[in-house]
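Asks: Take a look at this one; I'll ask things after.
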Amino acid sequence: MQEKQEIIYEKSRKNLKKVFNRLNGRDDGAAKHVGMEEVLFLAMGGYNRTYELLISMGLNPTDIATFSSLKITDNFVRETHLKKVLYIKKINYLTKVDNYGEATQRYLNLNVADEFEESLLVYKHAHRFTGVGAKKVAWVKPTVVVMDDPSLNLQFSGHRLRYANFIGFVQVKNRNASPYNILSELKGVEEADKMMFAMYQKKELDDQVIMDALNQLRMNVHHELDGEWYIKPSDYKRVVGSNEVANGLKEIKELGITQLKNNKRIGSSVSRWVVIPEEAFNFQGFEYKDEDEIFEEEIRAEEERERLLAERQEKMLEEIMSIELPLNVQAGYIRAEMGYLKDETLQSFIDATDELSQDLNSLELLEGATTQEEYDEIKKKNLAYFLDGNYANNRRSDDNYEGGRRLIVLDVDEGEYTRSQIEDKLESNGLFGIVYPTARYYFDGSQRWRLIMMADEEMDKENYKHTTRGVAEMLGLEADSASSKISQLMGYPLASKDISTVIGTMVSVSQFKPEHRSRIVENVVRFRGNSFESTKSLRDFKHKQADLLNRALETGIPKGERNESYYQIIRFLRDTQSSDEFSKWHEEAAELEDKIISQMYTDGLSESEVELLCR
């Protein structure tokens, strides 16, 4: 059965079979054929009986030269001459160890790693002589180099050797597995064409240790309640036999073993029980995944995140584009009376673009204009304009405004921004926006842009002014001063092909009200798109940290992004809890923090990493 095999990955079996064949396939041994055979480098990871395994392959101790480095000295050459195997017994292949009193710290040191990699390359191609005088002969070096790597140091912190890519990696599930059991797994296995990389699987406890501990726990648990078994902490440690195993079992996400934070009475006993789910006892060993499988899983997870994001964005966009608006339109800007269209939407607004432009012959006239006077005359009579909101008698003036305005429209006539720069400003703030060029673009190619955004509530004249100016400031744009006038006509788009839409949230009007702007707490990200009186969840807010929070809870954070992403999420939740301004979200933030910490463990972070991120 696959789960009973000791060697992790089929490619590891092929690597080991290649070495086995090299050592056993020729009567005179491998050393005689040094001129014909390449050197095989084998890393045996996570195994305590590598030397015994070599003997089990049919070698005599005299066939093996044991060293702690690959430094090719005269003594090294002399001692390895005509040996079949060079056995490297080393603790820190890639790391450096610093001592601090009784404590030690091991960390990846690139100088150490590079030096070791260079020694592999030198050995692979080295030619030397040994002996003295007339007895001097060419060095016949071992063509099998076995690197004993019980601490899995050769892939420390994910480091992968860049140039020495000829190493065959083998990892064993249980450190003390019988060498004969390992050799039995090579029967019927074809040797590798070349030695292959196989990613180490880091784990604190071996499969067999875990299953032995679970069997002991099964016989000693005290209480069963709703599919979970309860045992007192002291008994839990006593049963499994050591602190290392007791703590290690709790860190294995596949088991789901936890300890209560507070005392609980079960039966006649009160304790901070250790809780073991019933399904933990079905554990049959870890599911080992090679880097190709993990890569495919990451791609599928990324596709799922993209799908969920697309669904959320489509829903958000549909919600905004379908909001009904009181829209006023007119041809040219010289009349005060406007045509009133009830219950229009931004979608119908965009859909009408090409038809309006064709009816007024706008594009043809603009592209044919050669003077400023011609351009001004076209703007006055042959362009379509719009204005949302209700106005008394459909006559445009600030005094006639009766409410209903939702659109925030900015004209960007300064700065020579590109379209992508405008879109980036919206995206970085998480805001919805429609972007299109103004009429001058079609006249002389000027980089002039109009932005349409949607407010989350209707605005009066004062709120419109504060919101328009606040949004321009937030986006870092120099908007036309006329943009803050509530009765200002704005030019319709002239070609639907030139309209782009940035998906995001609506603008929070309350965010820019004077009484609220002074109250915003700087260390908490602004909750754009929602007022301070919002009853929505923290997960509904639209900013980077909230997006990371949702991503973590829905699909997890991929390897390589976890530390920074979880740091940002924890900071967001902690800042929310520490601010009186956001007291209504304190309880939810605390609950979400517990969920995020649980997700950190699910994503594979160690207890020390979680403690560091939550410090």
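Asks: Whole angstrom only: what separates the Cα centroid of region 41-94 from the Cα centroid of region 178-200?
Replies: Answer, in whole Å: 18.
Asks: What residues have an amide H closer than 5 Å to that of residue 328, excluding those fewer than 5 places away on the same chain, when H is modeled at 1.01 Å from N in the peptide plane?
Replies: Correct list: 341, 387, 388, 389.
Asks: Could I ask something else about it? Report for the chain the percent antiparallel among DSSP-assigned beta bridges with both residues inside it, nearest 5.
Replies: 70
Asks: Hey, what number do you get for the chain at 222 nm if only DSSP H runs of n ≥ 4 count, each worth -39500 (n - 2.57), divided across all residues, to the nearest 500?
Replies: Using -39500 (n - 2.57) per qualifying helix, the result is -11500 deg cm²/dmol.
Asks: Could you order the peptides 578-590, 163-175 from most to least packed, using the average number of other C-beta atoms within 10 Å per residue?
Replies: 163-175, 578-590
Asks: Okay, moving on. So for 159, 223, fewest C-beta neighbours within 10 Å to most, what's the order?
Replies: Starting with the residue having the fewest Cβ neighbours, the order is 223, 159.
Asks: Please compute the Cα-Cα pair-distance distribution of region 337-385 with 10 Å bins starting at 0, giving whole percents from short to long.
Replies: So the P(r) values, bin by bin, are 23, 45, 26, 6.
Asks: In addition: Mean shadow of region 165-234, computed from the convex hull of its alpha carbons, in nm²?
Replies: 8.1
Asks: Continuing with this model, one more query. List the relative contact order of region 23-136 as a percent without decimals, with contacts defined as Cα pairs under 8 Å and 6+ residues apart.
Replies: That works out to 22 percent.
Asks: Restricting attention to region 409-447, which GluC sites (Glu not before Pro) occupy a DSSP loop and are surrounded by at most 13 other Cβ atoms within 10 Å?
Replies: 414, 416
Asks: Further question: What's the local net charge at residue 330, with K and R +1, D and E -1, over the other residues with C-beta under 10 Å away?
Replies: Taking every Cβ under 10 Å from that of residue 330, the sum is +1.
Asks: Which of the peptides 594-601, 288-295 is most tightly packed, and how do the rest follow, going by the mean number of other Cβ atoms within 10 Å of each residue?
Replies: The peptides rank, most packed first, as 594-601, 288-295.
Asks: Given H placed 1.01 Å from N in the peptide plane, which residues other than close sequence neighbours of residue 266 have an amide H under 5 Å from its amide H?
Replies: Excluding prolines and chain starts, which carry no amide H, the hits are 271.
Asks: Calculate the length of the line joining the C-alpha centroid of region 295-333 to that of region 222-249, in whole Å.
Replies: Each part's Cα centre sits 49 Å from the other's.
Asks: Work out the FRET efficiency for residue 219 and residue 555 from their Cβ-Cβ distance, taking R0 = 35 Å, and round it to the nearest 0.05.
Replies: 0.35
Asks: Highest mean first, what order results for 269-281, 370-382 on Cβ atoms within 10 Å?
Replies: Going by the mean number of other Cβ atoms within 10 Å, highest first, we get 269-281, 370-382.
Asks: Can you tell me, using C-alpha contacts under 8 Å and at least 6 residues apart, the relative contact order of region 160-265 as a whole percent?
Replies: It rounds to 21 percent for region 160-265.
Asks: Checking the a/c ratio against 1.5 first, then a/b against b/c, what shape does the Cα gyration tensor give for region 254-321?
Replies: oblate
Asks: Net charge within 10 Å of residue 208 by Cβ-Cβ distance, Lys/Arg positive one each and Asp/Glu negative one each, not counting residue 208 itself?
Replies: Charge balance near residue 208 sits at -2.
Asks: I need to check one value: relative contact order of region 88-144, counting alpha carbon pairs closer than 8 Å and at least 6 residues apart, in percent.
Replies: Contact order relative to length: 21 percent.
Asks: Right, another one. Specify, per residue and in Å³, the volume enclosed by the convex hull of the alpha carbon atoms belonging to region 219-262.
Replies: Once divided by residue count, the hull of region 219-262 is 93 Å³.
Asks: Let me know the charge dipole size of the chain about its Cα centre in debye, to the nearest 20, where only the beta-carbon of Lys, Arg (+1) and Asp, Glu (-1) is charged.
Replies: 3360
Asks: Measure nothing but the geometry: give the 0 to 90° angle between the long axis through the Cα atoms of 544-555 and the longest principal axis through the Cα atoms of the chain, rounded to 10°.
Replies: Helix 544-555 and the main axis of the chain meet at about 50 degrees.
Since every read-out is calculated from the coordinates, none of them should be taken as a lab result. If you're wondering where the values come from, they're calculated on a predicted model, not measured in any experiment. Neighbour counts are summed over all protein chains in view; Cβ atoms, including those assigned to glycine, are modelled from backbone coordinates with ideal geometry.
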